[in-house]
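Single-structure report; data block below.
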Amino acid sequence: MEKLNYDPCITHFSHEHPLEFFNLQDQALNSVLCSGCKLKPSKSIYTCKACNYILHIPCSKI
Ligand SMILES: [Zn+2]
Ligand SMILES: [Zn+2]
């Protein structure tokens, strides 16, 4: 089996909880902003659902 490009779960210095890989629904795209760059999210992001916290995948690698 090929390795996934993205880890299903990461930890990031900017947030105290583990972040889960998630595909956002369309209506959610307009209601949240990436906590890294403050821009609208793309479809695939990392999220902490408990806090409504999201991070772009590229932003998670900085
Ligand atoms: Zn971002
Ligand atoms: Zn959290």
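Assorted remarks:
- Given (1) surrounded by fewer than 16 Cβ atoms within 10 Å (Cβ to Cβ); (2) within 16 Å of ligand 2 (Cβ to nearest atom); (3) in contact (Cβ under 8 Å) with a residue 12 or more places away in the chain, index of the condition ASP7 fails: (2)
- Members of region 11-45 that are touching a Pro at 6+ places or on another chain (Cβ under 7 Å), of a type in the set (A, V, I, L, M, F, W, C) and under 14 Å from LYS61 (Cβ atoms): PHE21, CYS34
- All positions within region 31-62 that are part of a loop (DSSP other than H, G, I, E, B), in contact with a Leu (Cβ under 7 Å, 6 or more places away or on another chain) and hydroxyl-bearing (Ser, Thr, Tyr): SER35
- Selection of region 31-58 for residues being more than 15 Å from ligand 2 (Cβ to nearest atom) and buried (at least 16 other Cβ atoms within 10 Å of the Cβ) yields PRO41, HIS56, ILE57.
- Some residue of region 16-30 being surrounded by 13 or more Cβ atoms within 10 Å (Cβ to Cβ), in a helix (DSSP H, G or I), more than 9 Å from ligand 1 (Cβ to nearest atom) and over 10 Å from the mean Cα position of the chain (by Cα): yes
Here is a yes/no grid of residues against (1) of a type in the set (S, T, N, Q); (2) at pLDDT 90 or above; (3) out of contact with any helix residue (DSSP H, G or I) (no Cβ under 6 Å at 6 or more places or on another chain):
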position	(1), (2), (3)
PRO8	no, yes, yes
HIS12	no, yes, no
PRO18	no, yes, yes
ASN23	yes, yes, yes
ALA28	no, no, yes
LEU33	no, yes, yes
LYS38	no, yes, yes
TYR46	no, yes, no
TYR53	no, yes, yes
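The values are calculated or read from the model by the stated rules, or taken from the named source; none is laboratory data. Values in this document were obtained by computation on a predicted structure and should not be read as measured data. Note that we place each Cβ from the backbone using ideal geometry, even for glycine, and neighbour counts take in every protein chain shown.
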